[in-house]
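S.K.: First the structure, which I've put down as structure tokens, then a few questions once you've had a look.
Only the coordinates and a few stated rules stand behind these numbers; no lab work does. Note that this is a predicted model, so its numbers are computed, not measured. Methodologically, a virtual Cβ is constructed for each residue, glycine included, from the backbone with ideal geometry; neighbour enumeration extends over all protein chains shown.
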Amino acid sequence: DVKVTQSSRYLVKRTGEKVFLECVQDMDHENMFWYRQDPGLGLRLIYFSYDVKMKEKGDIPEGYSVSREKKERFSLILESASTNQTSMYLCASSLLAGGFSGGSTDTQYFGPGTRLTVL
Amino acid sequence: GDSVTQMEGPVTLSEEAFLTINCTYTATGYPSLFWYVQYPGEGLQLLLKATKADDKGSNKGFEATYRKETTSFHLEKGSVQVSDSAVYFCALSPSANSGNTPLVFGKGTRLSVIA
């Protein structure tokens with residue numbers, strides 16, 4: 001079974017702190033994703049990565065950066081945490097991020113989430 | 001761009017009731033369609049998927065049929081259980097000609113099943 005793990009289930013930080021959220025997958029997937037989940041807004045894509053050292057902005061990249069130095073690890077960084085970044089953060093991985101033939105694509109596998117509170 | 005619209009919740013049902021959660025999509029070409037489920041305190045997990053028109057995905061008693069003519073992928077279950085209480089997300093993967101684009105998710109529908 002694919003396993004995606006996230007470094008913390010719950011995290012409390014103060015405004016202005018630098019925050020690192022770590023995600024590791026064990027299935028040699030090329031693609032990794034960071035989402036945030038908020039009530040009434042569903043999942044919103046922050047950043048994704050198709051390969052080591054590659055990254056693409058998602059729908060809401062402002063205030064975030066990412067790092068992918070190794071294939072299995074994808075880190076989300078909040079350079080200076082703010083209260084509006086209090087949220088549930090979900091990491092996911094997949095073999096293919098989009099369809100390349102006949103509309104087929106691979107499933108995204110999610111970690112358990114990190115609930116971040118910024119005070 | 002591509003988008004997914006699903007019915008707003010919360011949905012509250014009694015045990016053994018019939019469940020339908022509506023999902024419609026807008027996309028060019030031939031997307032793949034998914035239903036994900038998120039149980040309390042957990043991440044999302046794939047419930048079922050369909051990759052072409054008229055395909056039916058099924059798992060754990062849930063079913064959804066890819067209807068291209070109505071651009072829909074409604075989730076159904078004949079008899080829900082308390083353990084089905086969760087948030088359900090409809091999602092699509094753009095077709096081959098849309099480029100290397102991640103999944104597009106609906107906003108989720110919270111289901112509560114009471115005994």
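S.K.: Setting aside same-chain residues fewer than 8 positions from B:Lys60, which lysines have a Cα under 23 Å from its Cα?
M.R.: Reachable lysines: A:Lys3, B:Lys49, B:Lys52, B:Lys77, B:Lys107.
S.K.: While we're on this one: Taking the alpha-carbon distance from A:Lys13 and a cut-off under 13 Å, which aspartates and glutamates remain once sequence neighbours fewer than 8 residues away in the same chain are dropped?
M.R.: Counting by Cα, and skipping residues close in sequence, A:Lys13 has these aspartates and glutamates nearby: A:Glu79.
S.K.: Right, here's the next one. Within 12 Å, Cβ to Cβ, of B:Gly43, how many net charges do the neighbouring residues add up to if Lys/Arg are +1 and Asp/Glu are -1?
M.R.: Net charge around B:Gly43: +2.
S.K.: Using the Cβ atoms and a cut-off under 10 Å, what net charge is assigned to the surroundings of A:Asp51, where Lys and Arg are +1 and Asp and Glu are -1?
M.R.: Once all neighbours under 10 Å are counted, the net charge is +3.
S.K.: May I ask for the distance between the Cα centers of the range A:57-71 and the range B:15-57, given as a whole number of Å?
M.R.: 27 Å
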